[in-house]
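The values are calculated or read from the model by the stated rules, or taken from the named source; none is laboratory data. All values reported here derive from a predicted model rather than from experimental measurement. Areas reflect the complete protein model, heavy atoms only, side chains present, ligands, DNA and RNA absent. Shrake-Rupley method; radii C 1.70, N 1.55, O 1.52, S 1.80 Å.
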Amino acid sequence: MATYAPSRDDIERLAGAAPERLPELFRQHLGGVILRVEEFADEDVLRELGAENPFEISGLYTGRPVGEKSSDLSGALPDMIHLYRRPILDEWAEQGESLETLVTHIVVHEVGHHFGLSDDAMHAIEEAASEE
């Protein structure tokens with residue numbers, strides 16, 4: 001029987017379930033956020049973030065935080081959470097935690113950026129999500 005690495009669809013399913021673990025207050029503001037799974041961050045993203053190695057970035061939020069939204073931004077691209085499959089799989093292999101836990105961690109972190117939250121606030125939300 002052959003065993004294969006989790007696909008983009010597998011990661012997308014796990015990522016799609018992650019917001020369900022968040023408090024309702026957060027979930028109600030995520031309806032317009034697009035979830036996208038790609039193999040790696042592209043060259044522009046790597047350059048912008050100062051990353052030399054594409055395995056350094058497992059997730060990225062692009063868009064404006066909720067508190068910075070304005071009707072003047074009608075032509076803006078939709079908010080997106082990007083997950084990068086290959087770096088996620090490498091991190092998964094190195095850390096020894098479940099893939100679901102890792103993907104949830106990355107999604108919650110990027111959701112935090114959507115809300116303009118600090119790293120400390122994101123850690124508190126993540127702890128609450130893992131307890132449910």
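With both residues required to sit in the chain, DSSP beta bridges show an antiparallel share near 45%. Relative to the dominant Cα principal axis of the chain, helix 99-114 is inclined by about 20°. The order of TYR84, TYR61 by accessible area, most exposed first and with a 1.4 Å probe, is TYR61, TYR84.
Mind pulling the angle between the C-alpha long axis of helix 85-95 and the longest principal axis of the chain? Nearest 10 degrees, somewhere in 0 to 90. So the helix axis and the longest Cα principal axis differ by about 60 degrees. Taking all protein chains into account, the per residue accessible area for the chain stands at 62 Å² (1.4 Å probe). Just the accessible area for HIS105, please: 1.4 Å probe, Å², rounded to the nearest 10? Using a 1.4 Å probe on the heavy atoms, I get roughly 60 Å².
VAL66 exposes around 50 Å² of accessible area when a 1.4 Å probe is run over every protein chain in place. Atom-type composition of the exposed protein surface of the chain places 49 percent of the accessible area on carbon and sulfur (1.4 angstrom probe).
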